[in-house]
Amino acid sequence: MTSAPDPAILLRGVRFSYAPSGFELRVPELRVARGSRCAFFGPSGCGKSTLLDLVAGVRRALAGEVVVEGRDLGGLDDASRRAFRIRHVGFVFQDFPLVDYLDVEENVLYPYRVSRALSLSAAVRERAAALLDRLELLDKRRSRPRALSQGERQRVAVARALITEPPLLLADEPTAGLDARRRDDVLELLLGLAGAGEGARTLVVVTHDPVVLERLEQHVAVEDFASGMAASSTATSTATSPEAPASAS
Amino acid sequence: MLRDVLFLARRSLAAAPGRAAVLVLGLAVALFLPAFTRAAAAVVERALLERARSSPILVGARGSPFDLVMSSLYFRGGAGTTIRYDERSRLAEYGVAVPLVVRHSAFGVPVVGTSPEYFEQRDLVPAAGRRPALLGEVLAGSAAARRLELEPGDTVRSDLANLYDLAGGYPTLLEVVGIAEPTGTPDDDVLFADVRTAWLLDGLLHGHQEVRPDEALNPEADEGENVEASAAVFLFQRITADNLDTFHLHGSAGEAPVTAVLVFPRDARRHDQLLGDFALEETLQAVRPLEVVRSVLDIVLRVSAALDAYFAAVAISTLAFAALVVLLSLRLRAPELELMRRIGASRGAAAAVVGAELAIVAAIAVVITGVAVWAGLVWVGGLVT
């Protein structure tokens, strides 16, 4: 009998709350396997982004264990958590924000400009060029964000998330507000870059889009962990995928 | 990390040049006003005091000590009244007494009549040529020579002192015999001549063609009696070897006017003695230029202090404006700052990027201010000397 491999994400007995609002997240146990594609889903305000922030170490759990890529984030101080995040976690945000005063290449290299934990080298620049080439943006490397189309901006933001070669890619509602074609483009991009099989990145996507859910094998219904939500936020609920139950208590 | 922070700050500033320019200029103005005022006041103070310190006592006609000092030390304005030349002999008992006649000019440049002791006391040496020795000769100060494009051997015509004074001096051609070394003092801006040359420009000393009895106003004059020349007699307006002997002073030299006598007392006792002896003089005054200049500077410093308050108000309003621009800029950059926080940038990174921008703006403003203050001080220095 062989023991199960370490998960990419393990939350056990985690508690987090926004004191003034009474909102609270309680996660008895959540495992996301390495290389898997996981969705945190649920209605607005149920705590999907909060859960993502706990996994990324942006927020700190009040209690419990948050282990990501084998590191217990609860045991790290703020600086160590930031260093861990910038090295091991790629973040894709809902609006794909770019820095307007930097060109495409410098936007991709942005994490190296703002963190002491990373060091910008020639190899990193080559990696950025390769990424831009793969994303068909190499000829736009000197363009400013305002000169890009929406799709190009999204690809730049994804390239920035991947430049540090993180094993974990977190995407916070990357398809919200997009039409069907753009949604599919973004989804294909994320899935393609996350890779498949051995050596694939773990991909976690916050979403409430059923089409996106269909493409991801593991579903986590975040509202199951939440209490104290605003009434309007608890109106809808989607069950976890029967194929890959993610939460167990 | 510092290199990266500076990189981002530079890019951010370059992307909004208008905002950067407003910040730089606002800060530069706020820095320049008080910095320049203080520095200029210090330059003026230093220059005025230095000149005053090197001029222990001035004796002139009773009146405004300020006018006497400005005229005799800085060659500005003219002493309205004069004293007799022979006061110099009396003052020589106390130390070196140097006569000064400051009331003539050539092309607007003061022509100062004095004696050779002046050059020795002021360490005024010719860079080219020599000091004036004969009537009608001048030594040009370095700046005056530059302004009038003079070289040794050139001539310069004195200005007409009074168009309606027919008995006064006529414009006379003065010969430049030397150019003085620059001293950085008001001596650079004038032409120095012998005191007799100043009297020549006064019209008290002149040369003219021989007056024949048949052209005289008193043709019946007896043998040995002075003949009186009429206006038809030709007055020489240039001193040459041929006519030098004809120049003469009407009356005694002791009664001729000087605007002041600069006294360099032999010792402290004579210094105090001179001031004491002249304290009760009814027609003369002995002043210590240092005291006069200090009293003027007191007023300047009081004005400067009032200006400081004004400039402080300007600086506060400028800084408030700059703070507003920075705050608005931070609001505009809120998405970027949030991005930095979420991807794992260090807590100080955002502050460092914004701080680096402000530091670059401040550094440029300081450089601009420094250059402007320097240029201003060069200009003020020129005015002072």
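Looking at the range A:167-207, the pairs of alpha carbons with a distance over 15 Å make up 39% of the total. Within the shell of other residues whose beta carbon sits under 15 angstrom from the beta carbon of B:Ala9, the net charge comes to +1, with Lys and Arg scored +1 and Asp and Glu -1.
Each Lys or Arg adds one and each Asp or Glu subtracts one; over the other residues with Cβ under 12 Å from the Cβ of B:Leu324, this totals +2.
Relative contact order of the range B:1-119, taken over Cα pairs closer than 8 Å and 6 or more residues apart, is 12 percent. Computed from the C-beta positions of A:Glu217 and B:Val366, the FRET efficiency with R₀ = 56 Å rounds to 0.40. Rounded to the nearest 20, the size of the Cβ-charge dipole of the protein assembly as shown about its Cα centre is 4600 debye, with Lys and Arg at +1 and Asp and Glu at -1. The relative contact order of chain A, computed from alpha carbon pairs under 8 Å that lie at least 6 residues apart in sequence, is 31 percent. Site pair B:Glu255 and B:Val300 shows an inter-label distance of 4.2 nm when each label is modelled 7 Å from Cα along Cα→Cβ.
Assuming charge only on the beta carbon of Lys and Arg (+1) and of Asp and Glu (-1), the dipole of the range B:263-367 about its Cα centre is about 740 debye to the nearest 20.
To the nearest 500 deg cm²/dmol, what mean residue ellipticity at 222 nm is calculated for chain B from DSSP H runs of n ≥ 4 alone, each contributing -39,500 (n - 2.57), summed and divided by the residues?
Only helices count here, giving -16500 deg cm²/dmol.
Axis angle, to the nearest 10 degrees, between helix A:78-88 and the longest C-alpha principal axis of chain A: 60 degrees. With the cut-off at under 16 Å, measuring from each backbone N in the range B:60-74 to a point 7 Å along the Cα-to-Cβ line of B:Asp277 picks out B:60. Here the protein assembly as shown carries DSSP beta bridges of which approximately 65% are antiparallel, counting only pairs with both residues inside. The calculated 222 nm mean residue ellipticity attributable to helices in chain A amounts to -9000 deg cm²/dmol, summing -39500 (n - 2.57) over DSSP H runs of n ≥ 4 and dividing by all residues.
Residues B:Val300, A:Val104, B:Val293, ranked from the fewest to the most other C-beta atoms within 10 Å, line up as B:Val300, B:Val293, A:Val104. Ordering B:Leu25, B:Ala375, B:Val261 by Cα displacement along the dipole of chain B toward the positive end leaves B:Leu25 in first place; charges were set at the Cβ atoms of Lys, Arg (+1) and Asp, Glu (-1). The convex hull around the C-alpha trace of chain B, projected and averaged over every direction, spans 28.3 square nanometres. Each of A:Val211, B:Phe278, A:Ala157 was scored by the projection of its Cα onto the charge dipole of the protein assembly as shown, and the greatest displacement toward the positive side belongs to A:Val211; charges sit on the C-beta of Lys, Arg, Asp and Glu. This model, with +1 at the C-beta of Lys and Arg and -1 at the C-beta of Asp and Glu, gives chain B a dipole about its Cα centre of some 3840 debye.
Listed by Cβ neighbour count within 10 Å, with the fewest neighbours leading, A:Glu69, B:Glu336 appear as A:Glu69, B:Glu336. Pairwise Cα distances in the protein assembly as shown exceed 45 Å for 52 percent of all pairs.
Bins of 10 Å, beginning at zero and ending with the bin holding the largest distance: percent of Cα pairs per bin for chain A, please. Pair shares across the bins are 7, 31, 36, 21, 5, 0.
In percent, what relative contact order does chain B have, based on Cα pairs under 8 Å that are 6 or more apart in sequence?
30 percent
Less than 11 Å Cβ to Cβ from B:Met340, Lys/Arg counted +1 and Asp/Glu -1: what total charge do the surrounding residues give? Combined, the nearby Lys, Arg, Asp and Glu give +4.
Beta bridges from DSSP with both residues in chain A: antiparallel share about 50 percent, rounded to the nearest 5. Scalar couplings 3J(HN,Hα) for the range B:346-359, obtained by applying the Karplus form with A = 6.51, B = -1.76, C = 1.60 to θ = phi - 60°, are 5, 4, x, 4, 4, 4, 5, 5, 5, x, 5, 4, 5, 5 Hz; x denotes Gly and Pro. Along the charge dipole of the range B:240-364, Cβ charges K/R +1 and D/E -1, which of B:Ser304, B:Thr318, B:Leu328 sits furthest on the positive end? Towards the positive end, the residue furthest out is B:Leu328.
Bear in mind that the values in this text are calculations on the coordinates, not laboratory data. What you are looking at is a predicted structure, and each value in this text was computed from that prediction instead of being measured. Counting neighbours? That spans all protein chains shown, and the Cβs are built from the backbone with ideal geometry, glycine included.
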